[in-house]
Amino acid sequence: MSDLISREALLDYIDSTNEIKDWCLNRYSADWIYSFVKSAPAVDAAPVVHGRWERKRSNVYCTACGKGYRITNGGPNVMTFVYCPMCGARMDGKEDGADHE
Ligand SMILES: [Zn+2]
């Protein structure tokens, strides 16, 4: 399985880590390293948005987008949905904004 890294974070990491920077600069120019990292291929990735379901009276709301769903007898129980059907937020209860996966 492939994982993803942030191009910006990699450049920051190279900048902030003298050991890596020294190793690289002994072999390549800084311009070459930056252009290599900047030209590396990217994949389509969307940030993971976290949310949770909040029930207010006869409605359930997504905390990420605010979309509300009416609770009806015989209808699907939205609170069991792992993702919000409207915005795709992952309903794992975290509210720390978005991260990448
Ligand atoms: Zn939502």
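The values are calculated or read from the model by the stated rules, or taken from the named source; none is laboratory data. Note that the structure is a prediction, hence the values are computed from the model and not measured. We place every Cβ from the backbone using ideal geometry, glycine too, and count neighbours over all the protein chains shown.
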**Q.** Qualifying positions in region 4-22 - more than 21 Å from the chain's Cα centre (by Cα) and surrounded by 12 or more Cβ atoms within 10 Å (Cβ to Cβ)
**A.** Ile14, Asp15, Thr17, Ile20, Lys21
Q | Only one of Leu25, Leu4 that is of a type in the set (A, V, I, L, M, F, W, C) and part of a helix (DSSP H, G or I) | A | Leu25
Q. How about region 38-53: which of its residues are closer than 30 Å to Leu11 by Cβ and not in a loop (DSSP other than H, G, I, E, B)?
A. Lys38, Ser39, Pro47, Val48, Val49, His50
**Q.** Sole residue being under 30 Å from Ser6 (Cα atoms), under 12 Å from the mean Cα position of the chain (by Cα), modelled with pLDDT under 85 and not small (Gly, Ala, Ser), chosen from His100, His50
**A.** His100
Q. Of everything in region 54-83 that's in a loop (DSSP other than H, G, I, E, B) and among the charged types (D, E, K, R), which residue is farthest from the ligand (Cβ to nearest atom)?
A. Arg57
(Q) Report every pair of residues separated by at least 6 positions or lying on different chains whose Cβ atoms are under 9 Å apart, first residue within region 49-61 and over 17 Å from Lys94 (Cβ atoms) and of a type in the set (D, E, K, R), second within 15 Å of the ligand (Cβ to nearest atom) and at pLDDT 95 or above. (A) Arg55/Tyr61; Lys56/Gly68
Q: Go through Val78, Val43 for me and flag whichever is at pLDDT below 85, of a type in the set (A, V, I, L, M, F, W, C) and out of contact with any helix residue (DSSP H, G or I) (no Cβ under 9 Å at 6 or more places or on another chain).
A: Val43
Q) Just to be sure, is Met86 within 16 Å of the ligand (Cβ to nearest atom) and in contact with a helix residue (DSSP H, G or I) (Cβ under 9 Å, 6 or more places away or on another chain)? A) no
Q) Between residues in region 65-83 that are charged (D, E, K, R) and residues that are assigned to a loop (DSSP other than H, G, I, E, B) and away from the ligand (no atom under 13 Å from the Cβ), which pairs lie under 7 Å by C-beta distance while being six or more apart or on different chains? A) Arg70/Ser58
Q. Looking at (1) modelled with pLDDT under 85; (2) within 15 Å of the ligand (Cβ to nearest atom); (3) in contact with a Phe, Trp or Tyr (Cβ under 9 Å, 6 or more places away or on another chain), which is the only condition Ile20 fails?
A. (2)
Q) Would a scan of region 24-41 turn up a residue that is closer than 30 Å to Met91 by Cα and more than 16 Å from the ligand (Cβ to nearest atom)? A) no
